[in-house]
Every structure is written in structure tokens, then in C-alpha cells.
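The values are calculated or read from the model by the stated rules, or taken from the named source; none is laboratory data. None of the values given here were measured: they were computed from a predicted structure. Neighbour counts are summed over all protein chains in view; Cβ atoms, including those assigned to glycine, are modelled from backbone coordinates with ideal geometry. Surface areas here come from the heavy atoms of the whole protein model, side chains and all, with no ligands, DNA or RNA. Shrake-Rupley method; radii C 1.70, N 1.55, O 1.52, S 1.80 Å.
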Amino acid sequence: MDIGVRKIATFVEETIIEGGKAAPRPITMTVVAAVVKNPWAGQGFVENLRPEIMRIARPLGLEMTRRLIAVLPGERVEAYGKAAIVGVNGEIEHASALIHTLRFGNTFREAVSGTAFLSFTNTRTAPGALVSLPMIHKSETGKRSHFITATFQIADAPGPDEIVVAIGASDGGRAHPRIADRFEDMKEMEAELTAPELVSI
């Protein structure tokens, strides 16, 4: 099936030293990005996006997931996310349409045994812009050590009538996390609310 893919790029980053200190182990972050023709380009305002979502989202998700886990196997993945970037002739909704469907996201989530939602960005840019792809822990959404971001760029994409669709994964969080998880903050704040007030005399 031709779903309009022009190119697929894979980016791999390995962090060995962070903040001048060696990481306990190297952390690998991988992004797979596909440049696809915007199926709604040149049609004016399209009310029903579903037919093209149904045609493109699942096969695109399958191929991108296959490529990502070939680099970073699912059992190693700890954090994940996604992004979609539409060219200047498209709507933000066009970018959102291809990634905000379970037909796209579940393929990736199931391949890495994730349970959390895939954090995301969807935006519009000119070709060559730096793209941010946020990630969270694949099962513990409050685990702040895994609030991380991959960045990448494709020199000639997205073209005005294209969409860049990306998925990203990491086999660790930040190299030297030193801030509390969200759940710890919640416990502390609850204790603060129930503690007796201090009285000045």
C-alpha cells in the first residue's frame, strides 16, 4: 500500500558523560521519523479526516515501530513519546490526526510493553526546523527521571504539503536525576496540609 512516504530517518544518540560526570551506564535515545505526503493538502478545509487516518496510521505505525525496535529492542525501552510536524500549507489538525489514534500509538506501545500514554508534540514548521519529541516513562507517568526530550531535524522536511511523523524511545532517563518524583511531592504536600500550624509568639 502506498501511503506517501518520501523518506524515513533514524537518529541514535548515546549519552556517556553528562554534567562532566560519567553516566552509571550509557543511555541510548532513538528517534524514527517518516516524511509523508499530507493527504489533505490542496483540498481546502476537510471536515472528515477519518478515511485517511484509517488508510495511513496503522501501516505507518507498524513500519516505524519495526525500525525503532531493530535499533532499540522493546525490552530495553524505558521511556517513549511521539511527535508530528505539519508543513506550512497544512493544519495542526493534520499532524495530530496521524498520531492521535490508537491505530498508530498502540502498535508502538504494545511492542515495548508500555502502559502509559505516549507524550507528544504536534506543531507546524518550515523545513529543517529543530523538532522536540518529549518522552515519559512507559509505565510510571510520575517518574520525573524519565521526563526527557529528544531533538532532531531533517534538512528538507516537512515540505509545505508534508507531515513529519516521529516516534522516540530511550533505554534510560536522565543520566544523573536528582529531583523527586511527582508521587513524593504529593505525599510531602499532603503531610504539610495535615501538620499543625506553627504559631509565632
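Structure summary
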quantity: Scope segment 5-29; condition among the small types (Gly, Ala, Ser) and within 14 Å of residue 64 (Cβ to Cβ); matching residues; calculated: 9
quantity: Selection count where residues are among the β-branched types (Val, Ile, Thr) and either open to solvent by 60 Å² or more (accessible area, probe 1.4 Å) or not in a loop (DSSP other than H, G, I, E, B) (or both), scope segment 72-86; calculated: 2
quantity: Failed item, numbered, when residue 176 is tested on (1) at pLDDT 95 or above; (2) under 20 Å from the mean Cα position of the chain (by Cα); (3) farther than 25 Å from residue 59 by Cα; (4) not small (Gly, Ala, Ser); calculated: (2)
quantity: Yes/no for residue 62 being within 30 Å of residue 142 (Cα to Cα), in contact (Cβ under 8 Å) with a residue 40 or more places away in the chain and in contact with a strand residue (DSSP E or B) (Cβ under 8 Å, 6 or more places away or on another chain); calculated: no
quantity: Count - residues of segment 9-35 that are under 17 Å from residue 153 (Cα atoms) and either in contact with a helix residue (DSSP H, G or I) (Cβ under 7 Å, 6 or more places away or on another chain) or among the polar types (S, T, N, Q) (or both); calculated: 5
quantity: Residue, farthest from the chain's Cα centre (by Cα), within segment 87-126, restricted to residues that are in contact (Cβ under 8 Å) with a residue 60 or more places away in the chain and either open to solvent by 10 Å² or more (accessible area, probe 1.4 Å) or over 18 Å from residue 32 (Cβ atoms) (or both); calculated: 89
quantity: Residue check for residue 141: open to solvent by 60 Å² or more (accessible area, probe 1.4 Å), in a strand (DSSP E or B) and of a type in the set (Ser, Thr, Tyr); calculated: no
quantity: Tally of residues being of a type outside the set (Asp, Glu), in a helix (DSSP H, G or I) and touching a residue at least 12 places away in the same chain (Cβ under 8 Å) across segment 31-59; calculated: 7
